[in-house]
Amino acid sequence: MYDLSFFRQNMDAIAKRLADRGFVLDVEAYRKLDAERRAALTESEQLKAERNAESMEIGKLKKAGQDTSERQQKVRDMGERATALETKATELDDQYKKLLAGVPNAPHESVPTGKSEHDNVEVRKWGTPPAFAFEPKAHWDLGPQLGILDFDRAAKITGARFAVYMGLGAKLERALINFMLDVHTEQHGYTEVLPPFIANKDSFYGTGQLPKFEADLFHLENTDYYLIPTAEVPVTNLHRDETLDLDTLPVKYCSYTPCFRSEAGSYGRDVRGIIRQHQFQKVELVKFAKPETSYDELEALTRDAEDILQRLGLAYRTMLLCTGDMGASSAKTYDIEVWLPGQNAYKEISSCSNFEAFQARRASIRAKSGKGKAEFVHTLNGSGLAVGRTWLAIVENYQQADGSVVVPEALRPYLGTDVIRGVR
């Protein structure tokens, strides 16, 4: 969300920047609404001034013994009119704020202009996709053949876009979670957090999922609770309505949670396998940073996510998203895409974003040093990594001709085996 004063004074410039990301800001509608609010306030203040002046005159007339009943009624009418105008101004202001809550963040000046993922820019690439002497299988074939992944039973239990992990498949998922958390806490300096997996409306508003993206969420009936789509929601809201010590920034958290997404609007995309599920596990990285260093922190956060892939020996590329492909709350985003032999393509495994003060203003998260003025922090987050997509990347990249899967060396202490041959 924008600062109201800044937004009102810079609407044309903001509209131009938002046009780059395909959002049409109806400047005239906002100006009309603001003009009505200002007019109501101005008339209310004028009426109050007239009422006060008239009240003083009535006092003088009363002392002189004159009848003031008509003038007193006039004062009462002015008071009622002023109150009604104040109420109208408040309602218009609330309407303005609600409209403003649906306006996306303006892209950073370094973000390339574009309309879709085809306009994203590759900034670096790491590793070489493996060469196979056989036709590599996709994880949706290899997993069931090994007995470590079951889609049919998941569909029976729940429905489409769910999976059951079995034996070493389940253990590989758990090993990846522990491995990621250990690297981020012991090597990258993050503090581990295990938050609730359900959050309230205020939390979702703070990070920008509500009110605009409610269709993407699972709502718990008869409550204001939703299942979290990412740990970004509860972890960012750890400091909602708080003022942090500026000298302690950046504050860095990592968190494992299951994630729940309705995948509204994604019909037909990645329908096979576990690339796009209604429920999946993820390790999330969240930062609260000083505004002047937040873009350095974005680079560092992205490198921390990339480091997991490097330790696992998985080839990837890092893409700078264009204006038309970014999330609504983000000012700048890098997507890390891992190579998947079964699809012969790179697929997103992490999205690392700087939201600048967009979320902090909605969630009222500030920082100050000593007696200095409190200012909104910049919030950042990124997947460190999506566990299911890392799981399938390992299965596809390390598959062997006999159908087994070699375990990356970094995971062997966690998994207790060098090779996955099936259910144990």
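Grab the Cα-Cα distance for GLN46 and LYS63, subtract it from 0.36 nm times how many residues apart they are, and report the gain in nm with one decimal.
Here the answer is 3.5 nm.
If a/c stays under 1.5 just call it rounded; otherwise compare a/b with b/c (prolate if a/b is bigger, oblate if not). Do that for the range 266-424, with a ≥ b ≥ c from the square roots of the Cα gyration tensor eigenvalues.
Here the range 266-424 falls in the prolate category.
Normalised by the number of residues in the range 381-424, what is the relative contact order in percent for Cα pairs under 8 Å and 6+ residues apart?
27
Among GLU109, GLU173, GLU356, which one moves the most in a GNM of the chain with springs linking Cα atoms closer than 10 Å?
Its mean-square fluctuation being the largest, the pick is GLU109.
Mean separation of Cα pairs under 8 Å and 6+ residues apart, divided by the residue count of the range 129-200: what relative contact order is that in percent?
Relative contact order of the range 129-200: 17 percent.
Indicate the gyration tensor shape class of the range 129-243 (rounded, prolate or oblate), computed on the Cα atoms with a ≥ b ≥ c the square roots of the eigenvalues: a/c under 1.5 is rounded; otherwise a/b larger than b/c is prolate and the rest oblate.
It comes out oblate by the Cα gyration axes.
Semi-axes of the equivalent ellipsoid for the chain, please: Cα gyration tensor eigenvalues, times 5, square-rooted, ordered largest first, whole Å.
That gives 55, 21, 20 Å for the three semi-axes.
How large, in percent, is the carbon and sulfur part of the accessible surface of the range 321-424 at a probe radius of 1.4 Å?
It is 42 percent, rounded to a whole number.
With springs only between Cα atoms under 10 Å, which of GLN95, GLN72, GLN187 fluctuates most in a Gaussian network model of the chain?
GLN72
Once you list every other residue whose beta carbon is under 12 Å from the beta carbon of ASP77, what net charge do they have if Lys and Arg are +1 and Asp and Glu are -1?
Net charge around ASP77: +1.
Just add up the charged neighbours of LYS115: K/R +1, D/E -1, any other residue whose Cβ is under 10 Å from the Cβ of LYS115.
Counting the neighbours of LYS115, the net charge comes to -3.
How much of the DSSP bridge set in the chain is antiparallel, in percent, rounded to the nearest 5?
About 90 percent, rounded to the nearest 5.
Per residue, how much accessible surface does the chain expose to a 1.4 Å probe? Answer in Å², no decimals.
With all protein chains present, the chain gives 48 Å² per residue.
At a Förster distance of 45 Å, what's the computed FRET efficiency of ASP182 paired with ASP12, Cβ-Cβ distance as r, to 0.05?
0.35
For VAL123 and GLU91, what is the calculated FRET efficiency with R₀ set at 60 Å and r taken between the beta-carbons, to the nearest 0.05?
0.80
Which one of MET11, TRP126, LEU321 has its Cα pushed farthest toward the positive end of the charge dipole of the chain, where Lys and Arg give +1 and Asp and Glu give -1 at the Cβ?
Comparing the listed Cα positions along the dipole, MET11 ranks first.
Taking only the C-alpha atoms, wrap a convex hull around the range 288-332 and report its volume per residue in Å³ as a whole number.
93
Can you tell me which lysines have their Cα less than 20 Å from the Cα of LYS62? Leave out same-chain residues fewer than eight positions away.
LYS62 reaches LYS74.
The values are calculated or read from the model by the stated rules, or taken from the named source; none is laboratory data. The structure displayed is predicted, hence computed values, not measured ones. We place every Cβ from the backbone using ideal geometry, glycine too, and count neighbours over all the protein chains shown. Heads up: the accessible areas ignore ligands, DNA and RNA and are worked out on the full protein's heavy atoms, side chains in. Shrake-Rupley method; radii C 1.70, N 1.55, O 1.52, S 1.80 Å.
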